[in-house]
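The values are calculated or read from the model by the stated rules, or taken from the named source; none is laboratory data. Worth saying up front: this structure is predicted, and the values here are computed from it rather than measured. Positions of Cβ are backbone-derived with ideal geometry, glycine not excepted, and every protein chain shown enters the neighbour counts.
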C-alpha cells in the first residue's frame, strides 16, 4: 500500500488486541487557491513572524505557549507535548457498542480506513469485522492522534473497517436553539402527498461520481477568461432571491415539479386541494 498510515497501533476488544493501521479515507478535492495581492504593483503580500519591539524572528526559535493569564504564558516544547502519557496514543479500546443508526449524523466528523497491520492480525481482524456486520453494531472508543484525543466509532466496511472521529457533545450546537421558531402545525395532507410523490420520483442509488464541484469549474472558467483579457459581465442575482410563498404557490410548484405524468397520478386528490386553496383565500 503506497499511502502512509495516519496512525499505527492496536484495537483492543476485552483481552483481544489486533495490530492495525489507519489511513485517511478522504482527500482534498479540486479547489482554486487565491493569494492576497497588492493591487497597485500586482505583487504577492507576504507575512513575517514578528515580536513586538524585536521585529522578524527565526522560526526555529518559536515554541508553543499556553496563556494562563493576560500576557503570561507556560512555555512547552514539542518533546514535552509528545511526552504526555496516554494509552489511547497506541491503543483503541472498544468500550461500548451501539446500534448502527443510534448516532446522529451531526456527530460524525472524518472517516479513516482500518486494515490489519500484518498477516498475523488478519484472522482476529476478520472475526471482529464480521461480528460488527452481523450484529449491525458500531464500536466506540477513544483514540489520541495529532495532539488531541477523539471519540471514534468502528464499523464494518467491505473487507475492512471504517473508523470515524466523532465530535464531543460540547462541540455541537443544540438544535433546539435554531429550530424553536419553526411551527409545529401538521402539513396539508395533499401537499404532503405531492411532496412524497416527488421524492419517490427522484429516488435512486447514490453514486458520488455523479456530483462535482460546479463552483470550482465556474471559477476556473472565470480565471481563463480573465487571462485572455475578456470582458467580465457581473450578473445581478437580486432578481433570483427567494421569496415567501403561500399554499397555492406551493401546490402549483409541486405539481409543476412532478410534470404531467406525476400530476396524473395525484388527480384523484385534486378536488380537496382546490377546496383547501379556497379556504386559504377566505382566511386571508
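Quick notes
- Hey, residue 182 loosely packed, with under 10 Cβ neighbours inside 10 Å and either at pLDDT 90 or above or outside the structural domain of residue 108 (by TED's automatic domain parsing) (or both) or not: yes
- Residue 187 meets all of the listed conditions (1) at pLDDT 80 or above; (2) part of a loop (DSSP other than H, G, I, E, B); (3) within 28 Å of the chain's Cα centre (by Cα) but one, namely (3).
- Condition met for residue 176 (surrounded by 15 or more Cβ atoms within 10 Å (Cβ to Cβ) and over 30 Å from residue 32 (Cβ atoms)): no
- Filtered residue count, segment 213-222, keeping only those that are touching a residue at least 24 places away in the same chain (Cβ under 8 Å) and surrounded by fewer than 11 Cβ atoms within 10 Å (Cβ to Cβ): 0
- Output for segment 190-211, where each listed residue is closer than 23 Å to residue 258 by Cα, in a helix (DSSP H, G or I) and free of Cβ contacts under 8 Å to residues at least 60 places away in the same chain: 192, 195, 196, 199, 200, 210
- Residue match in segment 136-151 (condition: surrounded by 14 or more Cβ atoms within 10 Å (Cβ to Cβ), without any contact (Cβ under 8 Å) to a residue 40 or more places away in the chain, over 30 Å from residue 216 (Cβ atoms) and in the same structural domain as residue 20 (by TED's automatic domain parsing)): yes
- With respect to (1) surrounded by 11 or more Cβ atoms within 10 Å (Cβ to Cβ); (2) modelled with pLDDT under 80; (3) within 30 Å of residue 188 (Cβ to Cβ), the lone exception for residue 242 is condition (1).
- Note on segment 2-54: residues that are assigned to a loop (DSSP other than H, G, I, E, B) and over 18 Å from residue 163 (Cα atoms) total 24.
- Residues that are without any contact (Cβ under 8 Å) to a residue 24 or more places away in the chain, closer than 24 Å to residue 14 by Cα and exposed (fewer than 11 other Cβ atoms within 10 Å of the Cβ) within segment 67-100 comprise just one, 85.
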